[in-house]
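**Student:** I'd like to ask some things about the structure below.
Every number in this text was worked out from the coordinates using simple rules, so none of it is lab data. Remember, it's a predicted structure, so these values are computed and weren't measured experimentally. With ideal geometry, Cβ positions are generated from the backbone for all residues, glycine too; neighbour counts draw on all protein chains shown.
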Amino acid sequence: MNTFVLNRRNLLVAGGCVLATGVSGLLLPARAEGLAPTPSMPGGANNYLKGAPTVDRIGKGGFWMTGTVRRAGDGAPLAGQRIQIWAHTTEGREGDERSHGATLTDKNGAFRLEMPQIVPIFGQPHGHLAYDSGEFKTVFLRPVMRSAKDTSLEAHFVLQPA
Amino acid sequence: MRLAKVTLIWAALAAAICVPIAAAAASPLLAWRDPVYILAGFAGIIAMGLVLVQPLLIGGYLPGLSAYRGRRAHHWIGGALVVAVAVHVGGLWITSPPDMIDALLFSSPTPFSPWGVVAMWAIFAVAIIAALRRRLGLRARTWRVVHMPLAIVIVVGSVVHGILIEGTMETMSKAALCALVLAATIKVMADLRVRRKRGTSFRPESVGRIEPKA
């Protein structure tokens, strides 16, 4: 799919920028950590329901949530990590159980889950993602779509050990 | 004032308020919203319309209303504004409690939230002080010093809040309504200042009319 290739390219550029920032950070004596962990975003955990089932697709689909999961410090991709996703869509509200689903990252640390079209709620078209499996520290993300007409959204996790 | 002009002014005001409401009523987003959320949204739009009426009333720009009646209407519409804001916030709270709590605690990720919350508190503050004005024994001058800055906070807060939201309001009608709210506020502030400096009456048309003492 064309949009996916574009996303991948964007992702590589963004990843490169993040890596470059991390490497430049290494040059500073005070920061020898490398890739910094992603902090939770304000409002990220709103309407979170613990233990969303792992699904092939949320509802009827038509919209793609994509992203990556990497380890803080060295930036190594993390495979098999469970990412929970929910949003206000054409098929349900944020708090509805049917609006929630989870997926696992592949061997490259990438995930993608098809879900219904996200529609603006509380003034912004946005989605919610959570890493809450215990091995690493819990992170809640709340990415905002550039346009309500977008049919995909991406979010990236850099996790640190719990 | 000629009847045509009077009609035109009132028709323009009705259009300025009703067109944005009608445009929002046609929003495709409504299909994916609960009745409570829809009600909360429209309460917000109506509140913006009331914010437009307030400076027009107090400035005496609406024909057919005496200064006394204009001020009475200003009081009642102020009360209606409090109700509209309460329905707006209450409905949003029911729709998504965590998002509303974030907004009220100024920890929301959405940039428009603090503007709305500050405007809300300013509206409540004006309403409370207005209700207690006689009991507090506030003189006209003191009241003006309190009300004017709060009115500016309400107008600026409401307009920025409304403009930044991506919701059911149609962009052009929303921008027009917000521009009119700003224009009306600036005009009334400027006019009242001129009238005070000249020492003329509150409203030229009301000269000779007997006004009950507050």
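**Student:** Which residue fluctuates the most in chain B, going by a Gaussian network model with Cα springs under 10 Å, if the choices are B:LYS187, B:LYS197, B:LYS174?
**Tutor:** Answer for the Gaussian network model of chain B: B:LYS197.
**Student:** Follow-up. Express the relative contact order of chain B as a whole percentage, based on alpha carbon pairs under 8 Å and six or more residues apart in sequence.
**Tutor:** In percent, rounded to a whole number, it is 29.
**Student:** Which one, B:THR7, B:LEU138, B:HIS88, is farthest towards the positive end of the dipole of chain B when Lys and Arg carry +1 and Asp and Glu -1 on their Cβ?
**Tutor:** B:LEU138
**Student:** Per-residue mean of other chain beta-carbon atoms within 10 angstrom of the beta-carbon, peptide A:120-132?
**Tutor:** Other-chain Cβ atoms within 10 Å of each residue's Cβ, averaged: 5.
**Student:** While we're on this one: Scan around A:THR90 for amide H atoms under 5 Å from its own, H built in the peptide plane at 1.01 Å from N, and keep only partners 5 or more places away or cross-chain.
**Tutor:** Here the answer is A:GLN117, A:VAL119, since their amide H atoms fall under 5 Å of that of A:THR90.
**Student:** If all Cα-Cα distances of the range B:62-203 are sorted into 10 Å bins from 0 onward, what percent lands in each bin, rounded to whole numbers?
**Tutor:** Per 10 Å bin, starting at 0, the Cα pair percentages come out as 10, 34, 35, 16, 4, 0.
**Student:** For A:LEU35, what residues show an amide H to amide H distance below 5 Å, using hydrogens built from the backbone and excluding near sequence neighbours?
**Tutor:** Correct list: A:GLY73, A:ASP74, A:GLY75.
**Student:** With runs of 4+ DSSP H residues as the only contributors, calculate the mean residue ellipticity of the protein assembly as shown at 222 nm using -39,500 (n - 2.57) per run, divided by the residue total and rounded to the nearest 500.
**Tutor:** -17500 deg cm²/dmol
**Student:** Right, another one. Taking N as the number of residues in the range A:31-113, what is its alpha-carbon radius of gyration divided by 2.2 N^0.38 Å?
**Tutor:** 1.21
**Student:** Along the three principal axes, how long is the protein assembly as shown when you take its alpha carbons, biggest first, rounded to the nearest angstrom?
**Tutor:** Extents along the principal axes, in whole Å: 86, 49, 34.
**Student:** For the range A:73-113, give the magnitude of the charge dipole about the Cα centre (Cβ charges: +1 Lys/Arg, -1 Asp/Glu; no others), in debye to the nearest 20.
**Tutor:** With Lys and Arg at +1 and Asp and Glu at -1, about 100 debye.
**Student:** Once you average over the residues of B:100-112, how many Cβ atoms of partner chains fall within 10 Å of each Cβ?
**Tutor:** Counting other chains' Cβ atoms within 10 Å and averaging over B:100-112 gives 3.
**Student:** Springs between alpha-carbon atoms under 10 Å, Gaussian network over chain B: tell me which of B:ARG69, B:ARG195, B:ARG139 tops the mean-square fluctuations.
**Tutor:** B:ARG139
**Student:** Using Cα pairs under 8 angstrom and six or more residues apart, how large is the relative contact order of the range A:122-162, in percent?
**Tutor:** For the range A:122-162, the relative contact order is 41 percent.
**Student:** Between B:ALA26 and B:TYR68, what's the calculated FRET efficiency when r is the beta-carbon distance and R0 is 56 Å? Round to 0.05.
**Tutor:** About 0.90, to the nearest 0.05.
**Student:** Each residue of the range A:99-107 in order: what ³J(HN,Hα) in whole Hz does its phi give by Karplus 6.51 cos²θ - 1.76 cosθ + 1.60, θ = phi - 60°, with x for Gly and Pro?
**Tutor:** Going residue by residue, I get 8, 10, x, 10, 9, 10, 6, 7, 5 Hz, with x marking Gly and Pro.
**Student:** To continue, here is another question. Report the local net charge at B:ALA26: Lys and Arg +1, Asp and Glu -1, summed over other residues whose C-beta lies under 15 Å from its C-beta.
**Tutor:** +1
**Student:** Here is a further query. Equivalent ellipsoid semi-axes for the range A:97-150, as square roots of 5 times the alpha carbon gyration tensor eigenvalues: give them largest first, rounded to whole Å.
**Tutor:** 23, 14, 11
**Student:** While we're here: Can you give the local net charge around A:GLY95? Use residues other than it whose beta-carbon is closer than 14 angstrom to its beta-carbon, Lys and Arg +1, Asp and Glu -1.
**Tutor:** -2
**Student:** If packing is taken as the average number of other Cβ atoms within 10 Å across a peptide's residues, how do A:111-124, B:82-95, A:52-65 rank, most packed first?
**Tutor:** A:111-124, B:82-95, A:52-65
**Student:** Related question: Take each of the peptides A:131-142, A:81-92, B:20-31, average the number of other beta-carbon atoms within 10 Å over its residues, and list them starting from the highest.
**Tutor:** The most tightly packed comes first, giving A:81-92, A:131-142, B:20-31.
**Student:** Which residue, A:PHE136, A:THR89, B:ILE163, has the largest displacement toward the positive end of the dipole of the protein assembly as shown when charges sit on each Cβ (Lys, Arg +1; Asp, Glu -1)?
**Tutor:** Of the options given, the answer is B:ILE163.
**Student:** A follow-up question, please. How large is the dipole of the protein assembly as shown about the Cα centre if only Lys and Arg carry +1 and Asp and Glu carry -1, each at its Cβ, rounded to the nearest 20 debye?
**Tutor:** 2400 debye
**Student:** Could you sort the peptides A:151-158, B:2-9 by per-residue average Cβ neighbour count (10 Å cutoff), highest mean leading?
**Tutor:** For the peptides A:151-158, B:2-9, the packing ranking is A:151-158, B:2-9.
**Student:** Among B:ALA80, B:ALA12, B:ALA122, determine the one that fluctuates most according to a GNM of chain B built with springs between C-alpha atoms less than 10 Å apart.
**Tutor:** B:ALA12
**Student:** Give the average, rounded to an integer, of partner chain Cβ atoms located within 10 angstrom of each Cβ in B:91-99.
**Tutor:** Counting other chains' Cβ atoms within 10 Å and averaging over B:91-99 gives 4.
**Student:** Based on DSSP H assignment, which helices of chain B show an axial Cα extent of at least 24 Å together with a mean Kyte-Doolittle hydropathy greater than or equal to -0.5?
**Tutor:** Counting only whole DSSP H runs, the qualifying helices are B:3-25, B:35-59, B:67-95, B:113-136, B:140-164, B:171-198.
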